[in-house]
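Right, one structure below, let's go through it.
The values are calculated or read from the model by the stated rules, or taken from the named source; none is laboratory data. Computed from a predicted structure; not experimentally measured. Here the Cβ is made from the backbone with ideal geometry for all residues, glycine too, and neighbour counts use every protein chain on show.
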Amino acid sequence: MSQPFRTEKGGRIDRGEELTFTFDGEEFHGHKGDTLASALLANGVHLVGRSFKYHRPRGILSSGSEEPNALVGIYRNGDQTPNLRATQIELYDGLEAISQNRFPSLGFDVGAVNDLLSPLFPAGFYYKTFMWPKSFWDRVYEPIIRSAAGLGKPPRTPDQDTYANQFAHCDVLVAGSGPSGLAAALAAAETGARVILCDEQAECGGSLLSESNASIDGKDPANWVHETVARLSSMENVTLLPRTTAFGYFAHNFVALAERVTDHLAEPDSKLPRERLWQVRAKEVVIAAGAIERPMVFPENDRPGIMLADAGRTYLNRYGVKVGHKVLVATACDTAWQAAFDLADHGVEVVAIVDVRETPPDNLIAIAEARGIRVEAGCVVTGTLGRKRIKSALLGRLMTSGQVASGGQIDCDALLMSGGWTPTVSLYSQSRGKVVWAPEKGAFLPGISVQKERSTGASKAVYGLQACLEDGYAAGEAAATAASGKTATITYSSAYGGEAGSGGILGALPHDRNASRVKAFVDYQNDVTAKDVKLAVREGMHSIEHIKRYTTTGMATDQGRLSNMNALEIASGTLDKPVTDVGLTTFRQPYTPTTFGLFAGISRGDFFDAVRKTASHEWVVQHGGVFEDVSQWKRAWYFPKPGEDMHAAVERECRTVRESVGLFDASTLGKIEVVGPDAAEFLERMYTNPWKKLAPGRCRYGLLLNDAGFIVDDGVIGRLAEDRFHVTTTTGGAPNVLATMEDYLQTEWSDLNVWLTSTTEQYSVAAVQGPKAREFIAPFIEGIDLSADAFPHMSVKEGTFCGVPCRLFRISFTGELGFEINVSRRYGEMMWETLATEIEKRGGTPYGTETMHVLRAEKGYIIVGQDTDGTVTPYDAGMGWAIGKKKFDFVGKRGLARTDLVADGRKQFVGLLTKDPKIRLEEGAQITTSENPATGTAAEGHVTSSYYSAALERTIALAIVKNGHAREGQTLYVPMPEGSIPVEVTGTVFYDKEGAQLNV
Amino acid sequence: MLLIYCPYCQVERAEVEFRCGGEAHIARPSDPEKTTDEDWVEFLYMRANTKGVIAERWRHIHGCGRFFNALRDTVSDNFLTFYKTGEPMPTLETLPQEAGK
Amino acid sequence: MKRYSFLELAKNAFSAHQNWGRQWRSPEPKAEYDVVIVGAGGHGLATAYYLASEHGIRNVAVIEKGWLGGGNTGRNTTIVRSNYLWEESAALYNHAIGLWQNLSQELNYNVMYSARGVLMLAHTVHDVQSAQRHIHANRLAGVQNEWLTPEQAKDYCPPLNIEKNIRYPVMGAALQRVGGTARHDAVAWGYARGADALGVDIIQNCAVTGIRRNQNGSIEGVETAKGYIKAKKVGVVAAGHTSVVMDMAGVRLPLESFPLQALVSEPVKPAFPCVVMSNTIHAYISQSDKGELVIGAGTDQFVSYSQAGGIHITNHTIDAICELFPQFRRMRMLRNWGGIVDTTPDRSPILSKTPVPGLFVNCGWGTGGFKATPGSGHVFAHTIAKDEPHPINAPFTIDRFRTGRLIDEAAAAAVAH
């Protein structure tokens, strides 16, 4: 055990449990209860990182989630997670941490040359240079900038961890478990309200865990925390969530919490998620986010060993770590004095307390004198020395003239500073509330609530232990009553000590140094100095948003929580305008950086998007079928036999269907049952075609437009009875068609008595197509006369398939005699296996979507979405025949009459045959009149579908061509990189133009 | 994620159960013959896109499937009221003071 | 205007950068201008710049209710590309690409246009067909765009997962090499500095509260928070707030404004070389020069001016990114924000005269306006100066919605079967 800066006793660490960890490969020891930061400090390690731009050595600045400097990578399971805050990483045995943004090592970093060159790199320098020569930006300048930028190294391997998601509702959500938050949660819980209390730290208690100078109800504050947490844990209406950050406040009181479940464990249970996203709908929210201490802006305020005073006190009292042996305290407010006293009481030499104020409170001076601490009032730090750790500080005495006189040099190995406190208004601001400037507090405070929330305690600048407790109880009671109407008599605990004190300062401190030579940092991580902020203002950046974006102040991973107020004051001073005129930048979620995996949750692989499978799926897998994705569905694409490629398989499938019989799974097509006395009238209004005279037992192809007049969907619709239709849609269009139908039915035509039901997943559909289709299905069908006369093309009847009820359609998308058998989904596998097993015996074949596409193209049937693209009208598609001319109205009728939709020169649906029958055009290829069109030539159209046709023993294509219907027989060109392909414009039907094959 | 009240189911549910149907009270011209191109583009595409209180349609797609209407402030995203299809649009004056808060 | 250069930077280093002048003034509005542009975003500032630089119209004010570049210009994911399907769109966006390539030099302001390539992934047979159609159309139109096999795509973008066994495997990609990114704020600032130097008054924190028309109905001026300003012509370039401003002139538009979110990760060392987009799974991603992964999310489903969207939208976007790049699951979101995007029914912009003489409108860029900034400003300046559209923006009228002559990029990506 060699932790030279560990106190002999005290703190909340478990001294009985020693843990081993490494930092940049060097082995160290710490204790259970330590953070990585406290363990490093216990070992005397302050230098932990390099800054973003100048690569300056940096140490641990804070003890919380706002830490800007101590960002490290953690190695685990063979990969690393970058940019984690050492102040938040709970130590576990075997932890491996590495420093970032340095090369080759943390101690010797070549990037530090930037610090020497820094006069060339003021804010926004990159906007002013790197423009010559032009080609150097992409090739030289930007690559150099990119490799210099960035902090940690990104993870390289797929994340193996899992993440969970939890929705929750509660009456009162309390964010933060310091004195106000605990009091609020307790008060709300005692009323019986459902309470969720979360805190980003591992332990509840907040500042109470490092309080040395107070008592609550006569007890040590930590004991009060212990008892209060125990009480809350025992209550069924309370959910306690430590290690959980309320990171986002959304509309309608929806708050997102990130719970870190396993990062602190040496050997996590593999069943546990790494993190859990809580999505909480709270009736009331209590924001008890506390306040954070502000750094002081003085020259060289960034050396390792310089730390916020409260952090120094926290390391001492909570973690049992002395931040140095000779500590200088620089402050503008009372609270830092207590840090000095605590350190002195632990035997640390406090070399001086330097207070900006001319007259700090007498009682503090008296306590300091009693401990023999030198006090310098009306003094500031004007600089520091020491490369990798502070060695001494320069002092300056504030003169009444406003000048600073040198106050000598003082040796130290740590400097604790406090510029005062900034209430954490992030969550309030995220709730879309407008913060209000409180000049007497020197802070922006929550203003009017726009959602059901209230801030309490230090987050609204209520300071002092007793005041925070009282405010917390009151907030919790009020929230519970507002949420649930419940009340209870709460006994308030009362505190002694932990006084708030006074003081605080904003902006840069005056000094006697050469202003152009020294750097006083405002934003540590992004290396933004007071000079940078002033330069931005000089250059005309007068809005705080411009200053932020130009200098990058407030854009680091702490999102400006440490820097915003100082930057604002410097800008305000430079502009000579009140801070309210400069404005405060908006706080955006997340409150602290939040893991992507948390948002993605279980949504990976097959859970990323639902996979919809049809009844034939397993059979297709077993028989070597290949699938394609069509919307969420897996559809069989083709069925290659051994040795066949796609082309060979499709050619064979096509031939077999044309010559014999084929089996196709058509289950993915959308199906909607349209029922009711006005069903025919409804379809009459929805589709272009007439429906009223369609006899029960017959089918018709239906074309659906939008009201703009363009084709959006199609499908065969069968009339089962006077008041019942079986509507089919495209696979991808099914949900939209139903939604559109519901929209018109409910909101335009509520006079119609119709019910719509999606039956897509209720039926399995087998399409049997080919000249032998009838004889093939006959043995399985009962109750339906399949003869051509009794059951002609475009008919539908109900019967049975292998004894189970079926709806049998005689329809065709191949141009051959065809049937589609619909059975209940529960018999889908039976139907498919029965038919598939039988079909090969009979010389037929199963076929997939590719063959379906080829066969329909041979017949010139369109596929909506492939041959049409949302800009095609029925007339363009050559489907004027599908429009009921006598109909009073239908969806799209008025749209179709608009000028451009009836203008000459529209692109129309045609066939194309290449002059060379072996050349297959590329789908999407453009069509021109000129063989060698100049660049910029407007295309005449494009190829929408293109295949090799086995039946025609040549290639065929479908296309959309300007004035195409009038251009049959003309030669056009398809210009390709390798040369133009001449094509002849034809009709769209290539095979069986008379339709003889359909009517057999 | 908004919280939406379905006036048919009479429950508040998260936004993911609903689909927004855009501006409400835009009637489809009933006689295509008598509708001018200007009327038709007005129906098809022209929207008030109000910054402030709008009437809009929602459908409870993962619930009852019904369309209903809501008044919502597009600046705060707070709802003022929900009402069934066919009911007249409430005027701001008739709404209770606290509605939508 | 003091020119920027490395030499100038070095010279100023010796005077501790005390002598840099303002990049733009903060003038009080004059009583009258030849042209008033409403909205000091990238498009509005570019319009003012080209009015002054190309058309000699320098008595111009750009009036902005907030701070310049503070709307969608400062909130987008900075992607630049021009591989649109329809020749009208391709011409417009390619015009912008031409201007992007020399913009830093023209403005003497490094806008960091970085042609790192935009890779648009195809995950289904339908995607492949659609991508091929774009590539063929682009080739004819003279727009660079090429097809890559999955292996070639992985060579170009090594982090890409091209395993066949994922939910939506990559079947190939369309690559536009001249596509890439630019530094969004610098574009606004560069145009502002350039326009200001030519005499344009940029008036910030000054909301337009009314548009005045004379008895003939023509434009007369604008009412603002800083008083009435006479103007011969007014160009409205107000993005998500266009409907609100145009309503003041009594002009109705086919626009709806939706919240659009974007987000960045914490900065990391170079991990991602180009821009990757996937329309099928709704994701786009690049890495900024600072090292942040810049990720675009989708729009919410309802009209809103709140500049804030729901977490479920973010969730879905990150789902998609992590599905494509599972190594990024351990990365962390640093900042998430929202903009207000004005969308038209055909997802193409309106760059046009209006029924009101002297009133012009440039709007409807939806989720993709940043990439067009230089081209949009250039042709809109022409339209205002000449009182007639430039041939490139002639198709982008308001009237197309009445006639049905849409430029439907959304329809072109239609999914069905």
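Go through the range B:28-41 and give me each residue that's within 30 Å of C:Ala238 (Cβ to Cβ) and more than 8 Å from every other protein chain (Cβ to nearest Cβ). Hits for the range B:28-41 are B:Thr36, B:Asp39. Only residues that are in a strand (DSSP E or B), more than 9 Å from chain A (Cβ to nearest Cβ) and not hydrophobic (A, V, I, L, M, F, W, C) were counted across the range C:281-297, and they come to 3. With respect to (1) surrounded by fewer than 22 Cβ atoms within 10 Å (Cβ to Cβ); (2) in a strand (DSSP E or B), the lone exception for A:Ala246 is condition (1).
In the range C:254-280, of all residues being aliphatic (A, V, I, L, M) and within 7 Å of another protein chain (Cβ to nearest Cβ), the one that is farthest from C:Asn161 (Cα to Cα) corresponds to C:Leu255. Inspection of the range A:55-77 finds a residue satisfying the criterion of being modelled with pLDDT under 95 and farther than 19 Å from A:Arg389 by Cα.
Kindly indicate whether A:Gly408 is farther than 16 Å from A:Ala309 by Cα and either at pLDDT below 95 or in contact with a strand residue (DSSP E or B) (Cβ under 6 Å, 6 or more places away or on another chain) (or both). Yes, satisfied. For beta carbons closer than 7 Å, sequence separation of 6+ or different chains, a first residue in the range A:730-755 that is more than 7 Å from every other protein chain (Cβ to nearest Cβ) and a second that is surrounded by fewer than 15 Cβ atoms within 10 Å (Cβ to Cβ), the qualifying pairs are A:Asn753/A:Pro677.
Looking at the range C:369-414, which of its residues are assigned to a helix (DSSP H, G or I), aliphatic (A, V, I, L, M) and within 11 Å of chain A (Cβ to nearest Cβ)?
C:Ala410, C:Ala411, C:Ala412
Filtering A:Val910, A:Val891, A:Val864 for residues that are of a type in the set (A, V, I, L, M, F, W, C), closer than 24 Å to A:Leu998 by Cα and within 41 Å of the chain's Cα centre (by Cα) leaves a single hit, A:Val864. Within the range A:31-52, if we keep just the residues that are out of contact with any strand residue (DSSP E or B) (no Cβ under 7 Å at 6 or more places or on another chain) and surrounded by 24 or more Cβ atoms within 10 Å (Cβ to Cβ), the residue that is nearest to A:Ala112 (Cα to Cα) turns out to be A:Phe52. Is the range A:949-972 home to any residue that is touching a residue at least 60 places away in the same chain (Cβ under 8 Å), surrounded by 18 or more Cβ atoms within 10 Å (Cβ to Cβ) and touching a Pro at 6+ places or on another chain (Cβ under 8 Å)? Within the range A:949-972 (the criterion being touching a residue at least 60 places away in the same chain (Cβ under 8 Å), surrounded by 18 or more Cβ atoms within 10 Å (Cβ to Cβ) and touching a Pro at 6+ places or on another chain (Cβ under 8 Å)), the answer is yes, since at least one residue qualifies. Being touching a Phe, Trp or Tyr at 6+ places or on another chain (Cβ under 9 Å) and farther than 30 Å from A:Ala149 by Cα is true of C:Ala195. Answer yes or no as to whether A:Ala193 is touching a residue at least 40 places away in the same chain (Cβ under 8 Å), touching a helix residue (DSSP H, G or I) at 6+ places or on another chain (Cβ under 9 Å), closer than 30 Å to C:Gly338 by Cβ and not charged (D, E, K, R). Considered against the rule, which asks whether it is touching a residue at least 40 places away in the same chain (Cβ under 8 Å), touching a helix residue (DSSP H, G or I) at 6+ places or on another chain (Cβ under 9 Å), closer than 30 Å to C:Gly338 by Cβ and not charged (D, E, K, R), A:Ala193 comes out as no.
Name the residue, out of A:Ala184, A:Ala222, that is crowded, with 24+ Cβ neighbours inside 10 Å and small (Gly, Ala, Ser).
Residue meeting the stated conditions: A:Ala184.
Among the residues of the range C:84-126, those that are touching an Asp or Glu at 6+ places or on another chain (Cβ under 9 Å), in contact (Cβ under 8 Å) with a residue 60 or more places away in the chain and part of a helix (DSSP H, G or I) comprise C:Ser89, C:Leu99, C:His126. The criterion of at least 1 residues that are of a type in the set (Lys, Arg) and modelled with pLDDT of 95 or more is met by the following strands (runs of 3 or more DSSP E) wholly inside the range A:266-374: A:275-287, A:326-331.
For residues that are under 28 Å from A:Glu653 (Cα atoms) and not in a strand (DSSP E or B), tally how many sit in the range A:938-962. Before you say what the answer is, go through the steps one by one.
First, pick out the residues of the range A:938-962 that are under 28 Å from A:Glu653 (Cα atoms): A:942-960.
Cutting the leftovers down to not in a strand (DSSP E or B) gives us A:950-953.
Within the range A:938-962, residues that are under 28 Å from A:Glu653 (Cα atoms) and not in a strand (DSSP E or B) number 4.
In the range A:154-166, which residues are within 11 Å of chain C (Cβ to nearest Cβ) and either of a type outside the set (S, T, N, Q) or part of a strand (DSSP E or B) (or both)? Break it down stepwise before answering.
First, pick out the residues of the range A:154-166 that are within 11 Å of chain C (Cβ to nearest Cβ): A:154-163, A:165.
Scanning the range A:154-166 gives A:Pro154, A:Pro155, A:Arg156, A:Pro158, A:Asp159, A:Asp161, A:Tyr163, A:Asn165.
On the stretch given as the range A:351-372, residues that are crowded, with 21+ Cβ neighbours inside 10 Å, more than 19 Å from A:Val404 (Cβ to Cβ) and among the β-branched types (Val, Ile, Thr) total 1. Among the criteria (1) within 14 Å of another protein chain (Cβ to nearest Cβ); (2) basic (Lys, Arg); (3) surrounded by fewer than 18 Cβ atoms within 10 Å (Cβ to Cβ), the one C:Arg58 does not fulfil is (1). Applying the criterion of at least 1 residues that are within 8 Å of chain C (Cβ to nearest Cβ) to the helices (runs of 4 or more DSSP H) found wholly in the range A:552-630 leaves A:596-600.
Note on the range A:698-729: residues that are within 14 Å of another protein chain (Cβ to nearest Cβ) and on the phi < 0 side of the Ramachandran plot amount to 13. Within the range C:1-38, the residues that satisfy the criterion of being surrounded by 12 or more Cβ atoms within 10 Å (Cβ to Cβ) and hydroxyl-bearing (Ser, Thr, Tyr) are C:Tyr4, C:Ser5, C:Ser26, C:Tyr33. Checked against the criterion of being under 30 Å from A:Met794 (Cα atoms), at pLDDT below 95 and not assigned by TED's automatic domain parsing to the domain that holds A:Cys654, the candidates A:Val989, A:Val1000, A:Val910, A:Val891 yield just one match: A:Val1000.
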